[in-house]
1. Those residues that are among the charged types (D, E, K, R) and within 16 Å of ligand 2 (Cβ to nearest atom), I need them from the range 210-227; list them, please.
2. Mind checking which residues of the range 147-186 are within 18 Å of the chain's Cα centre (by Cα), part of a loop (DSSP other than H, G, I, E, B) and over 28 Å from THR219 (Cβ atoms)?
3. Considering only residues that are free of Cβ contacts under 8 Å to residues at least 24 places away in the same chain and within 16 Å of ligand 2 (Cβ to nearest atom), which ones fall in the range 130-167?
4. Do you know which residues across the range 18-73 are under 18 Å from LEU254 (Cα atoms) and of a type in the set (Ser, Thr, Tyr)?
5. Quick one: what pairs do we get from the range 201-216, first residue under 29 Å from ALA56 (Cβ atoms), second part of a helix (DSSP H, G or I) and away from ligand 2 (no atom under 11 Å from the Cβ), C-beta under 9 Å, 6+ apart or different chains?
6. Could you check the range 204-244 and list, in sequence order, the residues that are within 16 Å of ligand 1 (Cβ to nearest atom) and in a strand (DSSP E or B)?
7. Consider ASP239 carefully, then state whether it is modelled with pLDDT under 95 and touching a strand residue (DSSP E or B) at 6+ places or on another chain (Cβ under 6 Å).
8. Quick one: is GLY158 of a type outside the set (Ser, Thr, Tyr) and more than 16 Å from ligand 1 (Cβ to nearest atom)?
Amino acid sequence: MLRDPDGNPVDGGKWFIHHGTDVETNWAATDPLSYRTPTEHFFVRNHTAAPEIDAASWRLEVWGDGLAGDGTTYSLDRLKALGETTYDRALECTGNGRRLFAEQQGEFRPGTQWGLGAIGLASWTGVLLRTVLEDAGLRADAVQVMPVGLDASYVCDGVDHGHVRRPLPIEKALEDVLVAWEMNGAPLAPDHGFPVRLVVPGWVGIASIKWLGSLEVSTTRSESPWSTKWYRMHGVGYDDAELAVLDRMPVKSLVDLPPAAEVVAGRLTVLRGRAWAGDATIAAVEVSTDDGLTWDEARLTGPNDRSCWVQWEHPWTPTAAGDQVICTRATDSTGRTQPARVPTNDDGYLFWAVVRHPVTVTAPAPDASVPVS
Ligand SMILES: Nc1nc2c(c(=O)[nH]1)N[C@H]1C(S)=C(S)[C@@H](COP(=O)(O)O)O[C@H]1N2
Ligand SMILES: [Mo]
């Protein structure tokens, strides 16, 4: 949880929706026109708590039978000397939208009851993981990297599962993964992985290991509780191991409106929101202002890059007062379209159905310009 030096929540209780050790971005308190999520509004998902790490004595151990030599130890300076890349990428928790299984499908799923605020987009600066692995002597027969976090071992139901870690296939490791030390132009905040974290674009958030301490490069595949017990699909319909493995995130969208927002009949309202699709881009966003009966295509504004989100806008002049429901439906560049309902799974991962957003249309106030006699 983000706190100021006096121990008070930095958001004064309004930027975030609080869930224990996790905080979710409150869309109603963000600027709908801002493309990047300011760090102080960015969701936090901590299994335990942010460890206190001294950057000067911090080291990254890169080791394993997937390297030609004995492995290499990197200080922050040595890492920075390898090169610098900056890119914008979204980061989304696997369980983002979990609450909607209960709200829209009547299927409560245990875990952090995220609305849609467990996603953010930041600019990240670091060195490509590919560069680090090559510097450390990557062998051609390496198949996997296992990043391990320096936060406390995760104990759940009396079982110590060790440090947070999750295997990353070598193909993704060599593609676009960043070993990052800056977020939005500043050193990583403690909650976001200071001094160094991974950013694994378009993939389930758990892949982006924070407080990175070591990388085991191996010529055989292995698992961790974060790839078997959690962050994997369990439940009816997920017996097929290939289907159950979680990597890319699905296509989703939202409207940037507070819950139960009010709009005025007869007055033009510009609806705005975002759509994103794991490591794909967005092909189209449709908006319905009548609970899914009719749909119009929204206008996409600003960048529409891989593993980012795109902003959209849609003018709406509601005709009559009353309750209404706004729905948004995105289609991505691979042809996936948000369905009306998604099959559930035991842990409530990957809710990607069309989200219903109730609003109240109020009658216009009496025209103040008309003199009252
Ligand atoms: N070491 C470590 N890395 C971690 C986690 C953690 O608890 N420990 N949480 C993961 C999860 S589940 C998510 S969604 C992202 C959240 O990143 P953020 O807190 O910077 O938004 O970090 C991932 N990396
Ligand atoms: Mo997550």
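The values are calculated or read from the model by the stated rules, or taken from the named source; none is laboratory data. Note that this is a predicted model, so its numbers are computed, not measured. Cβ atoms come from the backbone with ideal geometry, glycine included; neighbour counts cover every protein chain shown.
1. From the range 210-227, those among the charged types (D, E, K, R) are 210, 216, 221, 223; that's our starting set.
Across the range 210-227, the qualifying residue is only LYS210.
2. The one that is within 18 Å of the chain's Cα centre (by Cα), part of a loop (DSSP other than H, G, I, E, B) and over 28 Å from THR219 (Cβ atoms): ASN184.
3. The answer is CYS156, and nothing else.
4. THR25, THR30, SER34, TYR35, THR37
5. ALA207/LYS172; LYS210/ASP191; LYS210/HIS192; TRP211/PRO190; LEU215/LEU129; LEU215/VAL132; LEU215/LEU133; LEU215/ALA173
6. First, pick out the residues of the range 204-244 that are within 16 Å of ligand 1 (Cβ to nearest atom): 204-216, 224-233.
Hits for the range 204-244 are VAL204, LEU212, GLY213, SER214, LEU215, GLU216, ARG232.
7. Spelling it out, it is not the case that ASP239 is modelled with pLDDT under 95 and touching a strand residue (DSSP E or B) at 6+ places or on another chain (Cβ under 6 Å).
8. yes
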